[in-house]
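Participant: Take this structure first; my questions come after.
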Amino acid sequence: MSDRVKTAVLPVAGLGTRVLPGAKTTPKNLLNIVDRPILSYIVEEARAAGIEHFVFIVGRGQGAIEDYFDSNPEIEGTLEAKGKLDILADVRRDLPKPGEMSFIRQMAPLGLGHAVWCARHVVGNQPFAVVLPDMLMMAKPPALAQAVAAYEKVGGNIVVVEAAPEGETNKYGIVALDGREGRLNRMTGMVEKPPLGTEPSNLLISGRYILQPEIFNILETQERGAGGEIQLTDGMFHLMKTQAFHALEYEGTTYDCGDKIGLLRANVAFALARPDLADAARKAITELL
Ligand code: UTP
C-alpha cells in the first residue's frame, strides 16, 4: 500500500507574461474566474483529493496570495455588523485551518523544476502532488482526486494527461506510452514540444502530478534545459529510469488560465456551470453575439 498523498506543491512564481499587464500587480492566479480567484478553485480541488498541506512557491510581489488566504478582520467585521452573513460565509470559505498552508519564495523564476525543488525541505520524504494553478479543470470527480485514485491503484508516479487539440501536439509536453488500453497506462518517456509528425502520442501533460520525493535529488543537480529553465519534465524523465510512471487520461475539461483566451473561456464556462448565474450569463453572452 502506497503512502497517502497529503501534501500539494502549488508553483505560482512564474511571471505570467501571457496575461500581462494584468499580472503585473495581481498575481495571475488571483485573477477572478466569475467571482473567485483561480486559486480558490485549485485549493478546493486539492482538498477534495485529501490534501492537508498546501505549499505555495511564490515570487516577489505576490504577498496578496498569503493575504487572500488570511482572515481580514475589517472586511469580516463590517459584513458581520451589516448582517451580510451569506457574503461573510463566502469570504471565509477559502480560509485554511491554522498551519495548513506554507509559502516559500522562489528568488528567481528559474523554471518549474526549480520551483518544485524549492519545496524539498517542507515536503520531506513522502509522495506529493504538484498542481499547476494556471490549468483550471472542470471535472467530476475533481482532476487531482482522479490522480490520487490512480496512484492508490498503481503507486509510483502519476502524470495527468489529456488529448491535445488536433494538430497542436507541437505546443505541449507529450507523453510516450507502453501501449494504450483504458485511461491509465505505463509511460516510457515524454518530450517537450515535439515537431509535428514526431509526437509519440496525442496526450499532453496537463498540470497535475503525483511524484515521489526522489525527484528532489534529481532536480538538485539538474542542468538548465529548454528556455534556459530547470524543467520538471527533464527531472521526471531522469526519475523514470528507476521508478514507474503512469499517465492518467483524466475525465474533464481543462482551461489554460495562463492565456488570454483560456481565461475568457474559463470565465464563460464556469459562469454557465453556476446554477445561480447560468441564465443571466447565457442571456448576456447571447446578446453580445
Ligand atoms: P508557465 O510557464 O505556464 O507560467 O509555468 P509563467 O511563466 O507564469 O507564464 P508565462 O509563460 O510567462 O505567461 C507553469 C507554472 O509554473 C509556475 C508558474 O507560476 C505556473 O503556475 N512557475 C514557472 C514557477 O512557479 N516558477 C518558475 O520559475 C516557472
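The values are calculated or read from the model by the stated rules, or taken from the named source; none is laboratory data. Computed from a prediction, not measured in an experiment: that's the story for all the values here. Ideal geometry is used to build each Cβ from the backbone, glycine not excepted, and the neighbour counts take in all protein chains shown. Just so you know, the surface numbers come from the protein's heavy atoms only, side chains and all, with ligands and any DNA or RNA stripped out. Shrake-Rupley method; radii C 1.70, N 1.55, O 1.52, S 1.80 Å.
Participant: Heavy atoms only, probe 1.4 Å: what % of the accessible area of the chain goes to carbon and sulfur, would you let me know? Intermediate values should be presented prior to the final figure.
Facilitator: Working: 7710 of 14530 Å².
C and S fraction of accessible area: 53 percent.
Participant: A follow-up question, please. Suppose R0 equals 25 Å. What FRET efficiency, 1/(1 + (r/R0)^6) with r the Cβ-Cβ distance, do T253 and D90 give to the nearest 0.05?
Facilitator: According to the calculation, E is roughly 0.55.
Participant: Once phi is turned into ³J(HN,Hα) by the Karplus curve 6.51 cos²θ - 1.76 cosθ + 1.60 with θ = phi - 60°, what whole-Hz value does each residue of the stretch 249-261 show in order, with x for glycine and proline?
Facilitator: 7, 7, 9, x, 10, 9, 10, 7, 7, x, 10, 4, 6
Participant: Round to a whole angstrom and tell me the spacing of the C-alpha centers of the stretch 145-178 and the stretch 179-208.
Facilitator: Computed from Cα coordinates, the inter-centre distance equals 7 Å.
Participant: Something else now. Given a 1.4 angstrom probe, what's the average accessible area per residue across the chain, in square angstrom?
Facilitator: 50 Å²
Participant: Grab the other residues whose beta carbon is less than 15 angstrom from that of R4, score K and R as +1, D and E as -1, and report the net.
Facilitator: Within the 15 Å Cβ shell, the charges total 0.
Participant: Based on the Cβ-Cβ distance from T198 to L264, what FRET efficiency comes out when R0 is 41 Å, to the nearest 0.05? Could the numbers behind the result be given before it?
Facilitator: Details: r = 32 Å, r/R0 = 0.78.
With a Förster radius of 41 Å, E is 0.80.
Participant: Using the Cβ atoms and a cut-off under 13 Å, what net charge is assigned to the surroundings of P21, where Lys and Arg are +1 and Asp and Glu are -1?
Facilitator: Around P21, the charge tally is +4.
Participant: Suppose we keep just the DSSP beta bridges with both residues in the chain; what percent of those would be antiparallel, to 5? Let's see the in-between values first.
Facilitator: Values: 24 of 41 bridges.
The answer is about 60 percent antiparallel.
Participant: First check a/c for the stretch 18-122, with a ≥ b ≥ c the square roots of the eigenvalues of its C-alpha gyration tensor; if it is under 1.5, answer rounded, and if not, answer prolate when a/b is larger than b/c or oblate otherwise.
Facilitator: Numbers: a/c = 2.08, a/b = 1.55, b/c = 1.34.
Prolate shape, in that a/c is at least 1.5 and a/b is the bigger ratio.
Participant: Would you mind classifying the stretch 213-261 by shape? Square roots of the alpha carbon gyration tensor eigenvalues, ordered a ≥ b ≥ c; an a/c under 1.5 is rounded, otherwise it is prolate if a/b is larger than b/c and oblate if not.
Facilitator: On the way: a/c = 3.19, a/b = 1.36, b/c = 2.34.
The shape class here is oblate.
Participant: With r defined as the distance between the Cβ atoms of E74 and V34 and R0 fixed at 30 Å, what FRET efficiency is calculated, to the nearest 0.05?
Facilitator: 0.80
Participant: With label points built 7 Å along Cα→Cβ from the Cα atoms of D276 and E181, find their separation and express it in nm.
Facilitator: Modelled inter-label distance: 4.8 nm.
Participant: Could you tell me the center-to-center distance, by alpha carbons, between the stretch 20-62 and the stretch 215-289 in angstrom?
Facilitator: Answer, in whole Å: 13.
Participant: Amide H neighbours of G207 under 5 Å, at least 5 residues apart or on other chains, H built in the peptide plane: list them.
Facilitator: When sequence neighbours closer than 5 places are left aside, the close amide H contacts are V160.
Participant: May I pose another question? What nm distance separates the two modelled labels at A244 and A64, each placed 7 Å from Cα along Cα→Cβ?
Facilitator: Between A244 and A64, the label points sit 4.4 nm apart.
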